[in-house]
Amino acid sequence: MHRGPTGTLPGRPWHYKAAAFTFAVGMAGTTLPTPLYGLYQERIGFSSLMVTVIFATYAAGVIAVLTLASNFSDLLGRRPMLLAALGFSVASALCFVFEDGLPLLFTGRVLSGLSAGLFTGTATVAVMELAPEDRRGRAGFAATAANMGGLGCGPLLAGILAAYAPWPLRLPYLADLGLLAVAIALTLPLPETVPRRESRPALRPRLPHVPREVRAVFVPAALAGFAGFSMFGLFTSVAPSFMAQTLGVHDLAVSGAVVFAAFAASTVGQLAVNRVGVRRALPAGCFVLVVGMVLIGCSLLSASLPLLAVGAVVSGLGQGLSFRAGMAAVTGRTPKDRRGETTSAFFVVAYLGISLPVIGVGALALAIGLRDAGLVFTACVVVFAAVVGGWLLHHSSVEPTGSD
């Protein structure tokens with residue numbers, strides 16, 4: 001078969017779509033426990049702080065992979081790392097299927113974090129590289145949409161199965177294992193986009209390094225990502241507890257649907273970047289996020305589920321705008337052979353946003369209650385996102401120069 005000038009096989013339309021499906025399935029598995037934490041709390045017995053600690057172990061796994069193995073896909077190739085990520089996903093799901101207490105709960109979340117770390121650093125780039133030249137724009141959207149869409153589908157699937165099907169703490173993970181089997185079957189025949197090396201490279205852990213020429217773009221994009229992902233940290237950890245304790249919502253399907261709405265709105269926001277443009281989408285996304293977080297704060301004050309749902313959608317739109325614009329700006333400026341580790345560095349900042357603030361919410365909830373801790377959190381995100389958005393309005397060096 002004819003190979004391109006880089007030594008890689010030319011991409012076919014189904015290649016990047018298969019990689020996007022694999023990406024979405026992998027990310028869905030990482031958020032399956034979101035609406036189920038309440039059931040685990042009742043059965044095992046632990047506090048809201050422990051929920052955030054369990055969630056933080058997932059984020060720690062993500063950050064560990066992104067910081068120590070950020071360049072592995074650039075050295076070994078995209079497909080081997082995708083298969084490794086799927087392997088961790090399978091192991092995580094099995095932990096939850098056989099879970100009988102906190103040890104396997106923690107182990108499952110760590111393995112899920114390792115999987116997510118490999119996916120976020122590899123699959124984003126793989127989807128774009130597998131696309132034919134005339135479909136690179138679609139592939140960029142497919143990659144970010146698979147990330148957010150997968151994260152949103154996890155709580156929705158788990159919430160529906162837990163509410164209306166038997167084995168609420170087992171069946172969601174059995175369904176996940178079925179989807180993972182399909183993803184593995186699709187990933188195995190994918191062509192490799194990283195040129196083959198004459199000798200096996202030495203795999204040395206290396207902290208993600210952002211090339212000097214990318215840093216002016218990377219810093220504002222990463223800060224916007226931190227703000228947006230901090231909102232997702234709230235929704236994927238303690239939001240169901242907020243809904244149960246503050247709003248009186250105990251239907252797991254409803255809890256999962258509200259979380260899904262935030263991620264689905266993010267996908268819509270990402271799609272809108274093509275019309276808005278990267279330069280305007282970054283600050284606009286921050287300010288839309290501010291509006292959404294204000295609505296979420298008001299929903300906690302008024303104990304209003306509809307207001308929370310609207311806030312989730314508006315916040316998701318803002319996150320989607322800033323996330324895809326930031327990713328496009330960063331990858332557009334990064335040399336192709338450095339994209340894996342630069343993308344990993346971007347997600348390190350994002351996952352610090354999804355974990356650290358939420359741990360603070362859990363700790364603060366012990367002192368002042370879950371609702372008031374949520375109000376403090378929303379106020380902090382509002383201020384941070386507004387400052388980042390204002391900074392972006394006065395610094396317009398975030399337009400990508402192009403992508404190959």
Mind checking which of ALA367, ALA284, ALA91 has the largest fluctuation in a GNM of the chain, springs on alpha carbons under 10 Å? ALA367
Based on other C-beta atoms within 10 Å, arrange SER299, SER115 from fewest to most. SER299, SER115
Name all residues of region 144-185 having a backbone nitrogen under 17 Å from the label point set 7 Å from the Cα of ASP100 along its Cα→Cβ direction, giving them as ranges. 169-170
Here, trypsin sites (Lys or Arg not before Pro) of region 229-287 satisfying both criteria (DSSP loop; at most 12 other Cβ within 10 Å) are none
Based only on other Cβ atoms within 10 Å, what is the fewest-to-most ordering of GLU192, GLU99, GLU42? GLU42, GLU192, GLU99
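Based on DSSP H runs of at least 4 residues, each adding -39500 (n - 2.57), what is the mean residue ellipticity at 222 nm of the chain after dividing by all its residues, to the nearest 500 deg cm²/dmol?
Details: 15 runs with 311 residues, N = 404.
Rounded to the nearest 500, the figure is -26500 deg cm²/dmol.
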Hey, got the dipole for the chain? About the Cα centre, +1 on K and R Cβ, -1 on D and E Cβ, debye to the nearest 20? 980 debye
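How long are the semi-axes of the equivalent ellipsoid of the chain, taking √(5λ) for every eigenvalue λ of the Cα gyration tensor, in whole Å from largest down?
Values: eigenvalues 208, 128, 62 Å².
Equivalent ellipsoid of the chain: 32, 25, 18 Å, largest first.
Gain in length, VAL376 to SER47, computed as 0.36 nm per residue apart minus the alpha-carbon separation, to one decimal in nm? Provide the component values of the computation, followed by the final result.
Working: separation 329, 0.36 × 329 = 118.44 nm, distance 1.91 nm.
So the chain would gain 116.5 nm between VAL376 and SER47.
If neighbour count is taken as other Cβ atoms inside 10 Å, put HIS209, HIS15 in order from fewest to most. Mind showing how you got there, number by number?
Details: HIS209 14, HIS15 23.
Exposure proxy ranking, most exposed first: HIS209, HIS15.
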Among 128-135, 71-78, 16-23, how do they line up from the highest to the lowest mean number of other beta-carbon atoms within 10 Å? 16-23, 71-78, 128-135
Is any residue of region 378-393 close enough, with backbone N under 17 Å, to a label point placed 7 angstrom from the Cα of ALA363 along the Cα-Cβ axis, and if so, which? 378, 380-381
Amide H proximity to VAL249 below 5 Å, modelled H, separation 5+ or other chain, gives ALA244
Modelling each spin label as a point 7 Å along the Cα-to-Cβ direction, I'd like the ARG12/LEU39 distance in nm, to one decimal. 4.0 nm
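Using the membrane-span-like helix rule (whole DSSP H runs, Cα extent along the own axis of at least 27 Å, mean Kyte-Doolittle hydropathy at least -0.5), which helices of the chain qualify?
On the way: long enough: 13-31 (28 Å, 0.36); 48-68 (30 Å, 2.12); 78-97 (29 Å, 1.41); 102-130 (40 Å, 1.26); 136-164 (40 Å, 0.77); 215-237 (32 Å, 1.36); 252-276 (36 Å, 1.46); 278-302 (36 Å, 1.78); 305-333 (42 Å, 1.06); 339-368 (43 Å, 1.49); 370-393 (34 Å, 1.87).
Answer set is 13-31, 48-68, 78-97, 102-130, 136-164, 215-237, 252-276, 278-302, 305-333, 339-368, 370-393.
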With THR187 itself left out, Lys, Arg at +1 and Asp, Glu at -1 over residues whose Cβ is under 11 Å from its Cβ give +2
Rounded to the nearest Å, the spacing of the alpha-carbon centers of region 380-396 and region 75-120 is 35 Å
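Every number in this text was worked out from the coordinates using simple rules, so none of it is lab data. If you're wondering where the values come from, they're calculated on a predicted model, not measured in any experiment. Cβ: placed from backbone, ideal geometry, glycine included. Neighbour counts: every protein chain shown.
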